[in-house]
Amino acid sequence: MTWLTDREIAVIGCADTKLELKSGKTALELAGAVTRQLLEKTGIARSQIDGMAATLANAEAHNAFWTNMMADALGLELAWCQASEIGGGSVIGNLVRAGTAVHSGLCEMVLCIAADAPSTKFVTKQSGYREEFCDPLGYGALPISFGLLTSAYTAKYGSPDPGMARLAVAQRNGALLNENACEKLRVPITEEDYLASRMISDPLRLLDCVMRCDGANAFLVTSTKKARELGFDNLVHPVAYREMVNFDPRQEVDDITVTGFSKVGPAALRDAGLKASDIQSFHPYDDFYIALILQLEQIGFCGPGEASAFLKARDIGIKGDLPINTGGGQISAGQPGLAGGGINLIEALKQLRGEAGARQVARAENAMVTGIGVIQYARNWGCSNVLILERGA
Amino acid sequence: MTKKKPDIKVTKLTEPFWNAVQERRFLLQYDKAADRYQFYPRPLSLFSDPGETEWREASGLGKLVACSRCHAPAPGFEGEVPYLLGLVALDEGPRVFAQIEGEEAPSIGARMRIAWHEEDGRVLYKFARA
């Protein structure tokens, strides 16, 4: 994928709304708000946008024509339009799908947009094995899958609690500096608070879990050539991207804690010609902290079973040597449903663009962002994807 | 207030499995060409092409690979919290999700057996220490 490593694709601007609990707004209203903000920030006119890549929305899942309706609501006439349905991996997936469409000449300027309001309206149903082989047997909600994963990890390597407590505090500190984080979550916590929070699906605690809220995020993708022609000079380039959907369908890996990141993490780094230790800030998809433990190990920041010790040995705060989810991540900023992956991505874009304000990290030449989507039966998750971004010269 | 437990959404494909459960037999799909078993039931074999499968009865024995004490119940399970949920790797290969009997979680790796119970006029499966 030399068109990625050669920096032929650029993100020219990004925007996100304040995350709100039970906003009472529709996903379309939030999409409108974030689009207005993005147009104002970039000066791009809607007539210049000829492509759109959206995520689905929990609040609109009954609508089989969601992206067409959104294009109409936003007043966009499009040469290329698609929705990604790889769950939490969709937002970073959209960045590279948009790049592919631009690279192949299908369109020139793509609005990547994610808007959802699951704390106001939730109509998604997970059918198939979930309704037949999980829910009737007592499966209540996603924390159970991650509680099971944590138990398997703990049996093999020992409890990752000390490292997860570090993550919980570092991300919360990021949310305190992030005005767009959900107000309910902008309260300081200590490692003791994390460890004392009540069990939801033992050994998984309340403060391990993401909270659903409403919000939207968006960014514009075009060719680097076009971006320069239009006079944009603060560019962020996707330089490597790998995605894996439905890792290990035959259960050949005899360990439920091994995820698709064990493949796509090292592959994306190899593509970019980087080592994990070269990554300057890390923005991993965080629905539950155990997912970060597994990602750190399987992408290659540390070895198997070492993530907790790694997190204790490193400084993962904003001024640290490996800042992680500097805006709070989803766990401390809130998860706007299927727009959630944008929380991690927009923060990385802001860091690389120098727009992170009080949260600005010192080293912002590159960043890694990940996505996780969909829960599988008796394994872990369905989609693992990794995106490496670099700041333009 | 305890809600009704969710209905099992049986499909044409999975009807033989659920009928066997009513007789306290746990069926797996078996691929004769590959000599491999799979669960949950899928429209074709995961292991060989073109993907023929047949039903075979499982031993109901296996080992525990994950276990969590659930405090956030599914609808209809409110009166049972906390309860144990687990994944058991059957001796035939596939992993199965179910409740685990008892109050104390068995250790990961423990030998397990299927445990049948009847509620609301239907037979369902859990696992218990073997």
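The values are calculated or read from the model by the stated rules, or taken from the named source; none is laboratory data. Here the structure is a predicted model, which means the values were calculated and not measured. FYI the Cβ positions are ideal-geometry reconstructions off the backbone, even for glycines, and counts take in every protein chain you see.
Answer yes if at least one residue in segment A:327-348 is farther than 13 Å from residue A:284 by Cβ, of a type outside the set (Gly, Ala, Ser), buried (at least 24 other Cβ atoms within 10 Å of the Cβ) and within 14 Å of chain B (Cβ to nearest Cβ), and no otherwise. No, the conditions are met nowhere in segment A:327-348. Residues in segment A:190-225 that are more than 21 Å from residue A:327 (Cα to Cα) and either assigned by TED's automatic domain parsing to the domain that holds residue A:353 or among the β-branched types (Val, Ile, Thr) (or both): 15 in all.
One line per residue, one yes/no per condition, for (1) under 16 Å from the mean Cα position of the chain (by Cα); (2) within 12 Å of another protein chain (Cβ to nearest Cβ):
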| position | (1), (2) |
| --- | --- |
| B:76 | no, yes |
| B:81 | no, yes |
| B:92 | yes, yes |
| B:95 | yes, yes |
| B:99 | yes, yes |
| B:109 | no, yes |
| B:116 | yes, no |
| B:125 | yes, yes |
| B:129 | yes, no |
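Considering B:13, B:28, B:87, the condition of being in a loop (DSSP other than H, G, I, E, B), within 16 Å of residue A:129 (Cβ to Cβ) and either more than 9 Å from chain A (Cβ to nearest Cβ) or in contact with a Phe, Trp or Tyr (Cβ under 7 Å, 6 or more places away or on another chain) (or both) is satisfied by B:13 alone.
Within segment A:114-138, the set of residues being touching a residue at least 40 places away in the same chain (Cβ under 8 Å) and over 24 Å from the mean Cα position of the chain (by Cα) comprises A:129, A:133, A:134.
Would you check if residue A:361 is of a type in the set (Val, Ile, Thr), buried (at least 24 other Cβ atoms within 10 Å of the Cβ) and either closer than 30 Å to residue A:139 by Cα or away from chain B (no Cβ under 14 Å) (or both)? So residue A:361 fails the test. Among the criteria (1) among the hydroxyl-bearing types (Ser, Thr, Tyr); (2) part of a loop (DSSP other than H, G, I, E, B); (3) surrounded by 20 or more Cβ atoms within 10 Å (Cβ to Cβ); (4) more than 13 Å from chain A (Cβ to nearest Cβ), the one residue B:59 does not fulfil is (3).
Here is a check on your reading of the model: is residue A:371 surrounded by 24 or more Cβ atoms within 10 Å (Cβ to Cβ) and either touching a Leu at 6+ places or on another chain (Cβ under 6 Å) or modelled with pLDDT of 95 or more (or both)? Criteria met by residue A:371.
Just so you know, in segment B:119-130 the residues that are in a strand (DSSP E or B) and modelled with pLDDT of 95 or more include one that is surrounded by the most Cβ atoms within 10 Å (Cβ to Cβ), and it is B:127.
Considered as a group, the residues in segment A:177-205 that are within 14 Å of another protein chain (Cβ to nearest Cβ) and within 22 Å of the chain's Cα centre (by Cα) include one that is surrounded by the fewest Cβ atoms within 10 Å (Cβ to Cβ), and that residue is A:205. Is it true that residue A:32 is in contact with a Phe, Trp or Tyr (Cβ under 7 Å, 6 or more places away or on another chain) and touching a residue at least 24 places away in the same chain (Cβ under 8 Å)? The answer is no for residue A:32. Only residues that are surrounded by fewer than 23 Cβ atoms within 10 Å (Cβ to Cβ) and more than 22 Å from the chain's Cα centre (by Cα): list them for segment A:153-173, please. Selection gives A:154, A:155, A:156, A:157, A:158, A:159, A:161, A:162.
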